[in-house]
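Novice: Before I ask anything, let me first share the structure, which is written out below as structure tokens.
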Amino acid sequence: MKVMVYRIGSLGDTIIALPAFNAIRRQFQRDEIVLLTSRHKDCRVHAQDVLDGSGLIDGVLVYDGSKKGLARPAEFFNLGRRIRAMGIQRLYYLPPRLRSHAQAVRDHWYFRGWCGIPEVIGTEGVTRPRLRDAAGRFLRLEPEAAYLTGHLTRCGVDTQEASRGLLERLVSRKEAGRVDMLFKQSAGRLYVAVGIGGKGTAQKWPVERYQALVKRLVAARPEAEPVCFGGAGDWREAERLIAAAGRGRNFCGIFGVREGIEALRRCALYVGNDTGTMHMAALAGIRCVVVSSARANPGVWEPLGAGHRVLRKTVPCEGCELRDCDVPGHPCMEDISVEEVLKAVTGELVP
């Protein structure tokens, strides 16, 4: 059978969907699985960067999700012709949590009608969740990772122990060997992963506060050493953070996604923004202390698994969904103090 999986998004969206991909692969071990995903010009890491070579999929079909105006219908017209030529027999639809019923119905008939896929599974029952209660307060939503595995269960896919064997499948011996070579560990050191990056300013705690945090952490716990993770664009700020701490490692832009997951696995804790690196850390199995903005409903983008600490403030502009904050003072992030984050980190590092 030739199976297609529809899942759009960038690094974090893909990481939290990995248990779902693992469940699909277990059910279709001998079948060809093709990922259908989008690419946007402003994304640094894409789904294929995570999944290529993992064995979870056998191929990727990418469309340009940034096309606008008359170019957008043309993009989907041509995409449908390409899918039809592939002879896909079944499609599993893994939508974002906030996708509406109308969008799911549109997508269903696009895949069935224009793409010619006989079985389109997962478009039924998709509804956009209620975001506020009767008093206007933002509701806590089910985490995206749990939503996706639950969605697959309703589609008839066995998602029991969906994460079993996932790290072993993702990280090759070659990738682990490169991490061994570059991340040489010292006896007695307590490595704390720090993620200062993010897609936009709305998700970022001020880097000056991270500098103050690591300086105080190293003073309180002399065995602690910050290890910075992120993209190449985060490298300079990570260097300043390490200078403030007086020690540390800077792997921003050094490791690929799967190597980064392996390096994170060797740390005691993650502290940082709600970004793709946080989801990588949770997948690696380490506890996370997350400095979270209030741009989305609480819960939906929290890290996979239990035992994490999410620091978040309720502010009047909660739920803005902005990429770059335009509110003076950026209250949802700047109201989170260094003392709060330090207390959470040292509390998680208690022997």
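Novice: Can you tell me which residue among GLY260, GLY246, GLY195 is more than 17 Å from the chain's Cα centre (by Cα), modelled with pLDDT of 95 or more and not polar (S, T, N, Q)?
Specialist: GLY246
Novice: How about segment 32-55: which of its residues are modelled with pLDDT of 95 or more and touching a helix residue (DSSP H, G or I) at 6+ places or on another chain (Cβ under 9 Å)?
Specialist: ILE33, VAL34, LEU35, LEU36 - these are the residues of segment 32-55 that are modelled with pLDDT of 95 or more and touching a helix residue (DSSP H, G or I) at 6+ places or on another chain (Cβ under 9 Å).
Novice: Can you spot a residue in segment 248-266 that is farther than 23 Å from GLY285 by Cα and out of contact with any Gly (no Cβ under 9 Å at 6 or more places or on another chain)? Steps first, please.
Specialist: Of all residues in segment 248-266, those farther than 23 Å from GLY285 by Cα come to none.
No, that holds for no residue.
Novice: Which number in (1) under 25 Å from the mean Cα position of the chain (by Cα); (2) not in a helix (DSSP H, G or I) marks the one condition that VAL214 misses?
Specialist: Exception for VAL214: condition (2).
Novice: Right, another one. Restricting attention to segment 41-70, which residues are out of contact with any Asp or Glu (no Cβ under 8 Å at 6 or more places or on another chain), touching a residue at least 12 places away in the same chain (Cβ under 8 Å) and over 22 Å from LEU283 (Cα atoms)?
Specialist: LYS41, ASP42, LEU61, VAL62, GLY65
Novice: When the residues of segment 164-173 are narrowed to those that are in a loop (DSSP other than H, G, I, E, B) and not aliphatic (A, V, I, L, M), which ends up farthest from GLY55 (Cα to Cα)?
Specialist: By that ranking, first place goes to ARG164.
Novice: Mind telling me which of the residues VAL289, VAL315 ends up being touching an Asp or Glu at 6+ places or on another chain (Cβ under 9 Å), within 22 Å of GLU259 (Cα to Cα) and free of Cβ contacts under 8 Å to residues at least 60 places away in the same chain?
Specialist: VAL289
Novice: Would you point out the residue of segment 171-192, among those that are of a type outside the set (A, V, I, L, M) and under 21 Å from the mean Cα position of the chain (by Cα), that is surrounded by the fewest Cβ atoms within 10 Å (Cβ to Cβ)?
Specialist: Applying the filter and picking the extreme gives SER172.
Novice: Within segment 144-159, can you find the residues that are in contact with a Pro (Cβ under 8 Å, 6 or more places away or on another chain) and assigned to a loop (DSSP other than H, G, I, E, B)?
Specialist: The one that is in contact with a Pro (Cβ under 8 Å, 6 or more places away or on another chain) and assigned to a loop (DSSP other than H, G, I, E, B): THR159.
Novice: Can you go through LEU36, LEU91 and tell me which one is touching a residue at least 24 places away in the same chain (Cβ under 8 Å), under 26 Å from GLU175 (Cβ atoms) and in contact with a Phe, Trp or Tyr (Cβ under 9 Å, 6 or more places away or on another chain)?
Specialist: It is LEU36.
Novice: Does VAL227 satisfy being under 27 Å from LEU167 (Cβ atoms) and outside the structural domain of GLY12 (by TED's automatic domain parsing)?
Specialist: yes
Novice: If you don't mind, there's one more thing I want to ask. Could you tell me how many of the residues in segment 303-351 are of a type in the set (D, E, K, R), buried (at least 18 other Cβ atoms within 10 Å of the Cβ) and over 21 Å from TYR191 (Cβ atoms)?
Specialist: Total meeting the criteria: 2.
Each row is one residue, and each column tells you yes or no for (1) outside any loop (DSSP other than H, G, I, E, B); (2) more than 30 Å from ILE336 (Cβ to Cβ); (3) in the same structural domain as GLY272 (by TED's automatic domain parsing).
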| position | (1), (2), (3) |
| --- | --- |
| GLU161 | no, yes, no |
| GLU175 | yes, yes, no |
| ASP180 | yes, yes, no |
| ALA193 | yes, no, yes |
| TRP205 | no, no, yes |
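Novice: GLY113: more than 21 Å from LEU148 (Cα to Cα) and at pLDDT 95 or above, yes or no? Talk me through it step by step, then tell me what you get.
Specialist: Numbers: more than 21 Å from LEU148 (Cα to Cα): yes; at pLDDT 95 or above: yes.
Here the answer is yes, as GLY113 does meet what is asked.
Novice: Are there any pairs with C-beta distances below 6 angstrom linking a residue in segment 106-127 that is hydroxyl-bearing (Ser, Thr, Tyr) to a residue that is surrounded by fewer than 19 Cβ atoms within 10 Å (Cβ to Cβ) and in a loop (DSSP other than H, G, I, E, B), with the two at least 6 apart or on different chains, and if so which?
Specialist: none
Novice: Which numbered condition trips up ALA134, out of (1) small (Gly, Ala, Ser); (2) at pLDDT 95 or above; (3) on the phi < 0 side of the Ramachandran plot?
Specialist: Just one mismatch for ALA134, condition (2).
The values are calculated or read from the model by the stated rules, or taken from the named source; none is laboratory data. These numbers were taken from a predicted model, which means no experiment stands behind them. When we count neighbours, we look across all protein chains shown, and the Cβ atoms used for this are built from the backbone with ideal geometry, even at glycine.
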